[in-house]
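Here is the structure we will look at, set down as structure tokens.
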Amino acid sequence: MADADETSKQAERNTNVGDGIAVKKQDIARAKNEGKELTKDEKQRLRKEKKQQKKNKKDDKGESEHENVPLPPSQAVVQCQSQKAPSVAPSLALTPVSVCTSEKPAKSKAEQRAERRARQEADRAAKGKKGESAQQPPSGKSKAPPNELQPVVKRLPEHVQVDDPAAVRKLAKKLERQQIPVRSEYGYKVSLFSHLHQYSRKAPLTQQISIPSTVIHPYIVRLGLQYSQGIVAGSNARSIALLHAFQKVIQDYKTPPNEELSRDLVNKLKPYISYLNQCRPLSASMGNAIKYVKKEISNIPCLCKEEEAKKQLLSCIDNYIKEKITLAATTISAYAIEKISNGDVILVYGCSSLVNHILCDAFDKKRKFSVIVVDSRPRLEGREALRRLVKKGICCTYVLISAVSYILPEVSKVFLGAHALLANGYVMSRVGTSQIALVAKAYNVPVLVCCETYKFCERVQTDSFVSNELDDPDDLMVTRKGKIHLENWQDIRQLGLLNLVYDVTPPDFVDLVITDLGMIPCTSVPVVLRVKNVDQ
Amino acid sequence: MELQAVLMAAGGGSRMMELTYNTHKPLLPVGNKPLIWYPLNLLERVGFEEVIIITTKDVQKMLTPDRLKLDGKMKLDVVCIQLEGEMGTADALRHVQQKIKTDVLVLSCDLITDVALHEVVDLFRAHNASMAMLMSKLHEFTETVPGQKGKKKAGEQRDFVGVDATGQRLLFMANEADLEDGLTIRKSIMCKHPSMRIRTGLLDAHLYCLKRCVVDFLVENKNISSIRGELIPYLVRKQFSKSVNLPNNKDEVEMSQKMEGQTNLEILGSCKDEELLRLTQERSCWNDHHGDMSEAYHGGKVRCYVHIMEDGVCYRVNTLAAYIEANRMAPKLIEDPPIHPSAVISECTQVGADSIIGASCQISDKTSIKRSTVGASSTVREKVKITNSILMNGVTVEEGCNIQGSVICSNAVIGRNADIKYCLVGSSQRIEPDARHLDSNLSINDSALGSLKMSRDWPA
């Protein structure tokens, strides 16, 4: 992620510190003045320069103050995963917000450390796939000191590198090792999203595995099929189904001789997780659930007997579901009911199990409100939300998303569900949510997002391009009066169908996030994550 | 373990006695491979490693791997049953109930198909169905059936199959024979599925995926003896019957079991239904139908699905016409070269591209073989013309014969200069030289056939 580039840039800067800082400054000035497009290398160099300067200031305190060139925020680019679109993101928050005291760098200490870091970086670069800048210095001799402030290097996840043949090959090799078949891409991909997978629902992965599946546990095969066909959809449902399947796997598991349950079971789960990932990319909630299960498994003491260990694991999973999903839902609806007053007109989008739960609870507690359900193609999930609310007895109106600006003047609150909450406060949810939040903001209608804490993830995203999911493009075909529109879309070379699943909503449009820890503003998500990590 | 395969091979072939009175149906050669090879090959291709074959003692002796020419390492577990009692397919399944530990895939030995089996099994898996089956569009047989003397056999009674709008959920199934007053559809079905397509031109492939609890249910209910005839219609009807108020705790379950003589299928099935599955379905925003207020699957626990093959090969070789048609289609399904390497064919013969010559055949000069199948170890002398015919193993054809549109069973001898058109020559029969036969059945006579009628329940 951004951190990887960061450390490389730090090393860069530190080595070049003696070389000609003046030259680099000139470069910056030139770029600013001329304003022409820099090459990729140059941009990287410049970035590294700035970070190196900042780092040096932080390192050597007590030196004389030295005014550095003020760094315009536009240049301090924090590169997101794709190097194609270096979006100018205002997330300076991620650069180690060092003390901005301008200090003259003490060259000797800095240079030593720089060399060590440079060597570390060179090693990492040798392993890494992306071509690092050509200015990677030759490796020094000293080892890199363990620096607690240095963030962990994160590799780019493979699911956003589909257009990089090296990454695809690596994935294919990994799957082959795990004996999982590779799912083939389908159809022409719109160029902006060609780095994501696009599969067809008519070509399930089960075509390529043997029918009484021996490599993959039958429950996992069934689960993967249900994911790819959309029978289990929705963040909570997918997590519960996943944990249920894991319970079955654990029940059927037998420790092979000379192996330990705590290590072998985790290895057993890895191919299953790859398989499920092939069927449908994992959601953030599923990722957190998997992390929890793996942690629990590796915490099993070695002397524990197999039966006991299994029982313990099964009860851990049950507890997780009870705490993080069921009880969380109860808590969230208790908080949310305070925000629902009599006479409210509440707008909901799509089918969020949590929001439905809240509304049904509020209705049970005799609040008087009415609901407007907004729906969008191609999934038309709002119909299911509508059915559940009407069955309960709530007064509902149903509109399509194109009518949102028409009905918003009548709305008093907007309740949205979330697929995940990202570390920089952005809300990742069904595509269309950010539109609703935007229009609501324009009409000054409060937007409340309801999300359990187990959906918080440490990823950072500021746009919907970088990491998303492409659904089957054939879903966009619609049959009206016996005629299937877009039937032969594949024959038209210039036509691409795009069926996005998720989008991100900036925290400026979200007024409140209701979680099981309470009602927090969107920007407090990193705090929650930090507290959670400390707890665990 | 996910699925176990059970192959029903004890049927007598009662609808083609002319062929089966001497050779058992599973061993009838189609494209020079025994009939049972085709379903076994299908299972093997898909990845099954073990099959349970239910058959008679005589057939069991012949089912050695080299006889069957199976390439792979599939393990065959052959179970014998006696044929004296009228044992139906469901009875046979009950017989092997001890061996069945998971869900089961039942198929019949006379199925020749190239279906992508994952389509059927995926329906079974994805919807957690009680039963998933395979059906195919019925193909009209175009070849003239020999030995019929031009009379058209009375049309088989049609099957009425009702599927829902998606074409996958099975709503209604009945045979014309059972519908005396007309087709009645219950109102509850129409309420739940207002759009239903009723199809009549479908062939039931007799390939069923059944859940484990259905097998347990069979064990409890001994009065069901045929899978196709009784179990499947029962399951289809059960989808829509008024569901019993499912008891919540175990005591009530046992009490209600004692009260009813017949163990309820739902109780057996739903005890296994778990809390988490219910929670998943509750939280998932998917529904299989839209427009009414009920949840997915209308809350029904029993679900039956069908996969209808629109194109592709699917035959059930249970009549003479089907047998002939299957022989025509066989070259497309087999990867082996049509002409066996050990066959001795002299240079002046004409063997058409769509003919199959078996092992160790001897074809002499000046013969012409078109669109035909010649079985293993057959001898064909000079100046013979064979068109559109099927010769089984060990047949001897003397010089100058002309065989057209006929079926010659194993070890028959056709005398010189005989002219056989559209005939069926029985096993080990001798045709005199210079005989002229047109459209006749030259096997043992019908009265003898009648005494050999076997169990009628078998997929025959």
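The values are calculated or read from the model by the stated rules, or taken from the named source; none is laboratory data. Since this is a predicted model, take the numbers as computed values, not measurements. All Cβ positions, glycine included, derive from the backbone under ideal geometry; neighbour counts span all protein chains shown.
Considering only residues of region B:59-102 that are of a type in the set (Asp, Glu) and at pLDDT below 80, which is farthest from A:ILE211 (Cα to Cα)? Walk me through it before giving the result.
At the first step, the residues of region B:59-102 found to be of a type in the set (Asp, Glu) are B:66, B:71, B:77, B:84, B:86, B:91.
Narrowing further to those that are at pLDDT below 80: B:66, B:71, B:84, B:86.
Values: B:ASP66: 25, B:ASP71: 18, B:GLU84: 36, B:GLU86: 33 Å.
The qualifying residue farthest from A:ILE211 (Cα to Cα) is B:GLU84.
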A careful count of residues in region A:295-349 that are out of contact with any Phe, Trp or Tyr (no Cβ under 8 Å at 6 or more places or on another chain) and of a type in the set (Val, Ile, Thr) gives 8
The residue from B:GLU335, B:GLU325 that alone is assigned to a helix (DSSP H, G or I), among the acidic types (Asp, Glu) and away from chain A (no Cβ under 13 Å) is B:GLU325
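Is it the case, given these coordinates, that A:PHE246 is within 14 Å of another protein chain (Cβ to nearest Cβ) and farther than 22 Å from B:HIS118 by Cα? Full working, then the answer.
Numbers: within 14 Å of another protein chain (Cβ to nearest Cβ): yes; farther than 22 Å from B:HIS118 by Cα: yes.
Against the criterion (within 14 Å of another protein chain (Cβ to nearest Cβ) and farther than 22 Å from B:HIS118 by Cα), A:PHE246 qualifies.
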B:LYS149 passes all but one of the listed conditions (1) farther than 26 Å from B:THR56 by Cβ; (2) modelled with pLDDT of 85 or more; (3) touching a Ser or Thr at 6+ places or on another chain (Cβ under 8 Å); the exception is number (2)
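Of all residues in region A:208-243, count the ones that are under 27 Å from the mean Cα position of the chain (by Cα), more than 7 Å from every other protein chain (Cβ to nearest Cβ) and outside any helix (DSSP H, G or I). Before the answer, list the steps.
If we filter region A:208-243 for residues that are under 27 Å from the mean Cα position of the chain (by Cα), which is where we start, we get A:216, A:219-243.
Restricting the remaining residues to those that are more than 7 Å from every other protein chain (Cβ to nearest Cβ) gives A:216, A:219-220, A:223-224, A:227-228, A:235, A:238-239, A:242-243.
When the remaining residues are screened for being outside any helix (DSSP H, G or I), the result is A:216.
Matching residues across region A:208-243 total 1.
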Scanning region B:290-322 residue by residue, those within 14 Å of chain A (Cβ to nearest Cβ) and out of contact with any strand residue (DSSP E or B) (no Cβ under 8 Å at 6 or more places or on another chain) turn out to be B:HIS290, B:GLY291, B:ASP292, B:MET293, B:SER294, B:GLU295, B:ALA296, B:TYR297, B:HIS298, B:GLY299
When restricted to A:TYR320, A:TYR292, the only residue of a type in the set (Ser, Thr, Tyr), within 14 Å of chain B (Cβ to nearest Cβ) and either farther than 23 Å from B:LEU276 by Cβ or surrounded by fewer than 20 Cβ atoms within 10 Å (Cβ to Cβ) (or both) is A:TYR320
Do we find that A:GLN179 is more than 9 Å from chain B (Cβ to nearest Cβ), at positive phi and surrounded by fewer than 16 Cβ atoms within 10 Å (Cβ to Cβ) in this structure? yes
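With a cut-off of at least 3 residues that are closer than 25 Å to A:VAL439 by Cβ, name the helices (runs of 4 or more DSSP H) lying wholly within region A:294-405.
Values: elements: A:306-320, A:328-339, A:353-364, A:382-392.
Fully inside region A:294-405 and qualifying: A:328-339, A:353-364, A:382-392.
How many residues are touching a strand residue (DSSP E or B) at 6+ places or on another chain (Cβ under 6 Å) and either modelled with pLDDT under 90 or not charged (D, E, K, R) (or both) if we restrict to region B:202-214? Lay out the reasoning, then the answer.
Pass one, region B:202-214, residues touching a strand residue (DSSP E or B) at 6+ places or on another chain (Cβ under 6 Å): B:202-212.
Subset that is either modelled with pLDDT under 90 or not charged (D, E, K, R) (or both): B:202-203, B:205-210.
The qualifying residues number 8.
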| message | Please verify whether A:LEU205 is more than 7 Å from every other protein chain (Cβ to nearest Cβ), within 23 Å of the chain's Cα centre (by Cα) and crowded, with 20+ Cβ neighbours inside 10 Å, treating the condition exactly as stated. | response | no
Across region A:485-511, the tally of residues that are surrounded by fewer than 17 Cβ atoms within 10 Å (Cβ to Cβ) and outside any loop (DSSP other than H, G, I, E, B) stands at 4
Would region A:356-376 turn up any residue that is facing another protein chain (nearest Cβ under 10 Å) and out of contact with any Pro (no Cβ under 6 Å at 6 or more places or on another chain)? yes
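Among A:MET428, A:MET477, which is modelled with pLDDT of 90 or more and buried (at least 19 other Cβ atoms within 10 Å of the Cβ)? Quick ask: steps written out before the conclusion?
On the way: A:MET477 fails: buried (at least 19 other Cβ atoms within 10 Å of the Cβ).
After ruling out the rest, the residue left standing is A:MET428.
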Condition check for A:ARG169: part of a helix (DSSP H, G or I) and either of a type in the set (A, V, I, L, M, F, W, C) or facing another protein chain (nearest Cβ under 10 Å) (or both) | no
Filter region B:4-52 for residues that are farther than 16 Å from B:ALA330 by Cα and touching a Phe, Trp or Tyr at 6+ places or on another chain (Cβ under 8 Å); the one that is surrounded by the fewest Cβ atoms within 10 Å (Cβ to Cβ) is B:SER14
Counting only residues in region A:406-423 that are assigned to a loop (DSSP other than H, G, I, E, B) and touching a helix residue (DSSP H, G or I) at 6+ places or on another chain (Cβ under 8 Å), the one nearest to the other protein chains (Cβ to nearest Cβ) is identified as A:HIS419
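Tally time: how many residues in region B:7-42 are assigned to a helix (DSSP H, G or I) and aromatic (Phe, Trp, Tyr)? Working first, answer last.
Applying the first criterion (assigned to a helix (DSSP H, G or I)) to region B:7-42 yields B:17-20, B:25-27, B:37-42.
Then keep just the ones that are aromatic (Phe, Trp, Tyr); that gives B:37-38.
Matching residues across region B:7-42 total 2.
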Within region B:167-182, the residues that are out of contact with any helix residue (DSSP H, G or I) (no Cβ under 8 Å at 6 or more places or on another chain), surrounded by 12 or more Cβ atoms within 10 Å (Cβ to Cβ) and in a loop (DSSP other than H, G, I, E, B) are B:GLY167, B:LEU179
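Here's a check for you: in region A:295-316, which residue that is within 28 Å of the chain's Cα centre (by Cα) and crowded, with 21+ Cβ neighbours inside 10 Å is farthest from the other protein chains (Cβ to nearest Cβ)? Walk me through how you get there before you give the answer.
At the first step, the residues of region A:295-316 found to be within 28 Å of the chain's Cα centre (by Cα) are A:295-299, A:313-314, A:316.
If we keep only those that are crowded, with 21+ Cβ neighbours inside 10 Å too, we end up with A:297, A:313.
Working: A:ILE297: 19, A:LEU313: 15 Å.
Filtering first and then ranking leaves A:ILE297.
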Scanning region B:108-144 residue by residue, the ones that are within 14 Å of another protein chain (Cβ to nearest Cβ) and not in a loop (DSSP other than H, G, I, E, B) total 12
